[in-house]
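What follows is one structure encoded as structure tokens, with my remarks underneath.
The numbers here are math on the coordinates, done by the rules we state, and not lab data. Just so you know, these numbers come straight off a predicted model, no measurement behind them. FYI the Cβ positions are ideal-geometry reconstructions off the backbone, even for glycines, and counts take in every protein chain you see.
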Amino acid sequence: MGQTRHCKQKTAMSWPCVGEAGRTGDWRTLRPVVDPEKCVAARKGKIVCMQCWMFCPDNVISRTAPPEIDMEYCKGCGVCVQVCPSQAIEMRPEHAEDVAASTKEEASCDR
Amino acid sequence: MATNTLNLPEQEYMLPGNRACAGCSVGIVFRHMSKALDGKAIFVVPASCFTVLCGMYPTASVQVPVMNSVFPGTAACASGIAASLKKQGRDDLTVVAMAGDGGTADIGMQGLSGAAERNANVFFVCYDNEAYMNTGTQRSSLTPLGAKTTTTPAKGKMQFAKDLPAIVEAHDIPYIATASPGYPGDLYDKVCTARGISGTRFMHINAPCPPGWQFPTAETVAMAQLAVETGAFILFEIMDGKFQLTGKSLALADKDNRQPVRKFIELQSRFGVLDEETLARLQERVDERWRKAVARHRAEE
Amino acid sequence: MTVDTQSVSVITGNRAAAEAARLARVDVVAAYPITPQSPVVETLSKYIETGVLDAEFITVESEHSAMGVCIGAATSGSRVFTASSANGLAYMCEQLSWAAGSRLPIVMGCANRAMSAPWSVLNDQQDAMSQRDQGWIQLYCRNNQEILDTFLQGFRIAEQVKLPVMVCYDGFILSHTVMPVDIPEQEQVDAYLPPYSVHTILDPEEPRNVNPVTLANPRLNGDGVLCHGYMEFRYLMEQAHKEALDMIVVADEEFEACFGRRWGGLLWSYQLEDAEVVLLAAGSLAGEATISADMLRSEGIRAGVLGLRAYRPFPAAAVADALKEAGLVVVFDKSLSYGYDGPIRRDVQAALFEHRVMPEVHGYIAGLGGRDIKARELVDAARDSITWAEQGKGPKPTDWINLQL
Amino acid sequence: MAMNQIEQIEIRWHGRGGQGAVTSANLLAEAAYYAGFKGVTSAPAFGAERRGAPVTASTRLASAPLRHFSQVEAPDMVIILEGSLLTTANATEGLAPNGHVIVNTRLAPEELGLSNGYQVATVDADRIAEEINLRAAGVIMVNTAMLGAVARATELITLDHINRTLRHAFSPKAAEKNIEAARLTFEATRCAS
């Protein structure tokens, strides 16, 4: 990412961007994994249930069949696991090597 | 017909990768509020957890205009924006004041009372995580009896939370509601209702906080639902003075099958090992509020 | 004899402030009563209720909220107005800082009044002086015409340099005293003051988070541009104050072109050209000092007056230039920076030292809490200072005029 | 002294809170401005005014614009809206030796027992205001009537200046009533020399 120093702002005004706090996926110690065999939406191949999407506090789960979880930004809270009526999601430990590979930059706003 | 998971709009106004704590209920609250507002809102935010969620300069994690305000100034700032929009003939935007329990019931109370008395065209939302969570969990006037905070560290809070919706109701405003991130459809519907009304509208939202209440992040929604299922938090709306239970609370009233408060309390480490007397006082308080709410619902049905 | 001037009304300073707000076509007025400011918003409430002024009038529940309303309305595109005094101004304190930091061109009136405790509703300038470091431009007026004109200039300045302006005028002494004021026609004011244009964005079509948490160091935005940290914004605010030094003069010159009168820009003088002894003050006290200068001159003492119109930004270079021929400068302060004498005196002294202009500078505290000050008392003070200087007694401790311990 | 070169006259009004002394002081300033005084100021005694309590207001008239607003110490004229204030409020305090005293009273100037060479004028403004039913909030108001007495007792202003001032200050209907009060008072004012 190129760095330029052309800020023309007189006052502090922020623009929306994904990853405002950086790659919050790095916050995770546990990773949610969807079991397509159990997920109703995955099994039926259409938009049904969607409890995980509706309750995700971080808007990282898509409203798709099957739902997809954005691992760049999923903080691993596990709410989706709790709200899934079919017990289709489980939290698995992150692999040590994945954590090491992630970027630690403060502002890594990618749009 | 009540909104359910499948007819909630897909459009999102909160972006992934924000600064909120893992499992923060405010994310759920904001997502469904902003959907109900169709993004056509200006948010006014005092110092609070939501400030953090919105992000730091020069990046933002919400796709709605946000105006930050000094801590006690939310309602006044929102009043000013509402007046300004009126002068400009813009009636398509909802001005939403979005404050925490401290910013509403403590330092924000004077401003809220003033705005409500003037019936300012403002939708004031209090997301109540029951303490000053953004500054590290100090007690507020909405912290429940018995809860330990960093300023009630040993014995827990000695007083009950004050009845915020009742205080606001005394101002005779057109719409008051409560809502919970445990029931996003109910929350969504109420925000839609509020959006269609002019004048001061007020919403009190229960906002479970994993670090402050001390429960695992995965339990946020379960905690919100337990608050309602035990009657510790009651879902209702008051439209032009008429009180009605809604959603899960209405169903509970019909079947009279509330859970004991103990079930909600014991999952939160902030209550520590509650003595039976405090627990009984909490249960008694919940029962009393619940009885009044059900009686009022039936009287005004 | 009968005077024909139809545009002149005999009005109070508060009324002059309200007339200026009307003529500036303010969109939103926030009102909270405090003596001696209250008649300003009372007058505006009447104008708005009767349709003379098309504006939203918000009767807030506190001064803190008054400024909150102004901040919200100014950010979302409205020209705003409020006024306060003393404890009310102090109660706004954090909002004053927020308004300046947001670079909002809010113009407010401060009918200067003593700070409590003990209670006093009467005049001194402690209220405004105590807020001098909040980032607001502060302009002081010497009569009611200057009040009206300075408010109009205030909007022009504020909207150009994007800083809020506090128009300060002495409570009761001006706020409640009637005198002739030429009230301009609306068309004249419209020609002088362009319509308000907002620099912040609060629109769902272009969502922005205005005044979020800002970190100490610059930080990247989504496009890879390294944006300011907190300190950069503070530097820009200070630059705006420097820009205001010019703009205050420009606004006054433009005003003269439109209305045929001006007030001196940053400062004004009276009989200064050959003055050995210069009396220096801000507000109505400086007007009183011109009478004192006349009295001293009748005794053969070459006295003059330097009136401070802008206090923030402080016109250090202009003050030094104006005083470069003076032998003795006698500064009268209507407030105190406790533990370090009168704030104007100390600021003047620092400006002179910086510019290597070295007259003797003496300070007097006068008129606190409404204590009346007469021209002859300023003359007495000046005489004392002249004697002290002639005797070469060195630094003179700050004296209090008419102190009756 | 430079002060003495400024041609000016200082006037102190005495009334009670609610009698309109401050208003009439302001109106006098305006009328005097119309009369050609370039410098006019008028102000209440600073502070809180309470209904019924004695109040004062000061008017300063000068040939040149005024640069000073300090309080009036030694008035050249006192105007007293209610006779009893002459003694209870010590209304002649500081009055210049040949100063004007204008009093709303039934008594003739000579009956007031004022000495010091004062130029005394009296008028029963209460009766006039009563006759034409000049009231505000149910209370008889003599403040504007007393402007007529000033015009009669001095040469500072004329009835024309007063009329213009009152028309500027009040609604047309109220203005005419006040103008009538000032005119009747002008005619009824008795001056002693």
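When only alpha-carbon atoms count, how far does the stretch D:2-191 stretch along each of its three principal axes, as whole angstroms with the largest first?
The Cα atoms of the stretch D:2-191 stretch 47, 37, 33 Å along the principal axes, largest first.
Could you point to the residue in C:Met295, C:Val305, C:Phe255 farthest towards the positive end of the stretch C:249-317's charge dipole, with +1 and -1 charges on the Cβ of Lys/Arg and Asp/Glu respectively?
C:Phe255
Largest first and to the nearest Å, give the Cα extent of the stretch A:24-101 along each principal axis.
Principal-axis extents of the Cα atoms in the stretch A:24-101, largest first: 37, 22, 19 Å.
Quick check: convex hull over the Cα atoms of the stretch B:154-301, volume per residue in Å³, rounded to an integer?
Considering the Cα atoms of the stretch B:154-301, their hull volume per residue is 117 Å³.
What is the fewest-to-most order of A:Arg5, B:Arg31, D:Arg167 by other Cβ atoms lying within 10 Å of their Cβ?
Placing the least packed residue first, the sequence is A:Arg5, D:Arg167, B:Arg31.
How large is the convex hull of the C-alpha atoms of chain C per residue, in Å³?
167 Å³
On average, how many beta carbons from a partner chain sit within 10 Å of the beta carbon of a residue in B:109-115?
4
Can you tell me which lysines have their Cα less than 17 Å from the Cα of C:Lys334? Leave out same-chain residues fewer than eight positions away.
Here the lysines satisfying the reach criterion relative to C:Lys334 are C:Lys374.
With the Cα gyration tensor of the protein assembly as shown in hand, convert its eigenvalues to equivalent ellipsoid semi-axes via √(5λ) and list them largest first in whole Å.
Square roots of five times the eigenvalues give 65, 34, 24 Å.
Considering only C:Arg219, C:Arg376, C:Arg156, give the residue with the highest GNM mean-square fluctuation for chain C, with springs between Cα atoms whenever their separation is below 10 Å.
Checking each option, the largest mean-square fluctuation is seen for C:Arg219.
Hey, got a sec? Which GluC sites (Glu not before Pro) in the stretch C:166-228 land in a DSSP loop and have at most 13 other Cβ atoms within 10 Å?
Those satisfying the criteria are C:Glu185, C:Glu205.
Would you calculate a helix-derived [θ] at 222 nm for chain B, using -39,500 (n - 2.57) for each DSSP H run of n ≥ 4 and dividing by the full residue count, to the nearest 500?
-10500 deg cm²/dmol
At what distance in angstrom do the alpha carbon centres of the stretch B:122-200 and the stretch C:162-211 lie from each other?
38 Å
For chain D, what does the helix formula give at 222 nm: sum of -39500 (n - 2.57) over DSSP H segments with n ≥ 4, over the residue count, nearest 500 deg cm²/dmol?
Using -39500 (n - 2.57) per qualifying helix, the result is -10000 deg cm²/dmol.
With +1 on each Lys and Arg Cβ and -1 on each Asp and Glu Cβ, and nothing else charged, work out how big the dipole of chain D is about its Cα centre, in Debye to the nearest 20.
Charge dipole, chain D, about its Cα centre: 520 debye, nearest 20.
By a straight-distance test (C-alpha under 16 Å), which aspartates and glutamates pair with B:Lys190 as possible cross-link partners, with residues fewer than eight away in the same chain excluded?
Straight-distance partners of B:Lys190: B:Asp38, B:Glu237, B:Asp240.
I'd like the mean, over residues of C:178-191, of how many other protein chain beta carbons sit within 10 Å of each residue's own Cβ.
3
Of C:Ala318, C:Pro343, C:Pro359, which is farthest towards the positive pole of the stretch C:267-405's charge dipole, taken about the Cα centre with +1 and -1 on the beta-carbons of Lys, Arg and Asp, Glu respectively?
It is C:Pro343, whose Cα lies furthest towards the positive end.
Run the Debye formula on the Cα coordinates of the stretch D:79-178, all scatterers equal and no solvent, and tell me log10 I(q)/I(0) at q = 0.12 1/Å.
Debye curve over Cα of the stretch D:79-178, log10 I(q)/I(0) at q = 0.12 Å⁻¹: -0.42.
Quick check on the protein assembly as shown: of the DSSP beta bridges with both residues there, what percent are antiparallel, nearest 5%?
Taking every DSSP beta bridge with both residues in the protein assembly as shown, the antiparallel ones total about 40 percent.
State the answer as a single residue: which of C:Gly229, B:Val286, D:Val150 lies farthest towards the positive end of the charge dipole of the protein assembly as shown, with beta carbon charges of +1 for Lys and Arg and -1 for Asp and Glu, about the Cα centre.
Value: B:Val286.
Where does the charge balance sit around C:Ala351 when Lys and Arg score +1, Asp and Glu -1, over other residues with C-beta under 12 Å from its C-beta?
Residues near C:Ala351 contribute +1 overall.
So what's the convex hull volume per residue for the Cα atoms of the stretch B:10-299, in Å³?
With only Cα atoms used, the stretch B:10-299 gives 119 Å³ per residue.
In deg cm²/dmol and to the nearest 500, what is the mean residue ellipticity at 222 nm of chain C if only DSSP H runs of at least 4 residues count, each as -39500 (n - 2.57), divided by the residue total?
-12500 deg cm²/dmol
Through the Karplus equation 6.51 cos²θ - 1.76 cosθ + 1.60, θ set to phi - 60°, convert the phi angles of the stretch B:26-36 into ³J(HN,Hα) values in whole Hz; use x for Gly and Pro.
Those phi angles translate into 5, x, 5, 4, 5, 4, 7, 4, 5, 4, 5 Hz.
Output the peptides D:179-185, B:259-265 sorted from most to least packed, where packing is the average of other Cβ atoms within 10 Å over each peptide's residues.
Descending mean neighbour count gives D:179-185, B:259-265.
Using the count of nearby Cβ atoms within 10 Å as a rough guide to exposure, how do B:Ile81, C:Ile344, C:Ile48, D:Ile140 rank from fewest to most?
The most exposed by this proxy come first: D:Ile140, C:Ile48, C:Ile344, B:Ile81.
Other chains near D:42-48: what is the mean number of their Cβ atoms within 10 Å of each residue's Cβ?
Rounded to a whole number, the mean comes out at 6.
Enumerate the whole-percent occupancy of each 5 Å bin, from 0 to the last occupied one, for all C-alpha pair distances of the stretch C:267-400.
Using 5 Å bins, I get a P(r) of 2, 11, 23, 26, 23, 11, 3, 0 for the stretch C:267-400.
Order these by the 10 Å Cβ neighbour count, fewest first: B:Met239, B:Met33, B:Met56.
With the sparsest Cβ surroundings first, the list reads B:Met239, B:Met56, B:Met33.
Report the far tail of the P(r) of the stretch C:1-114, meaning the percent of Cα-Cα pairs longer than 18 Å.
48 percent
List the lysines whose Cα lies under 27 Å from the Cα of A:Lys44, skipping any in the same chain that are fewer than 8 positions away.
Excluding near neighbours in sequence, the set is B:Lys35.
Please get the size of the charge dipole for the stretch A:24-101, origin at its Cα centre, with Cβ charges of +1 on Lys and Arg and -1 on Asp and Glu, quoted in debye to the nearest 20.
Rounded to the nearest 20 debye, it is 460 debye.
Explain nothing, just the number: dipole magnitude of the protein assembly as shown about its Cα centre with +1 on each Lys and Arg Cβ and -1 on each Asp and Glu Cβ, in debye rounded to the nearest 20.
The calculation lands at about 1760 debye.
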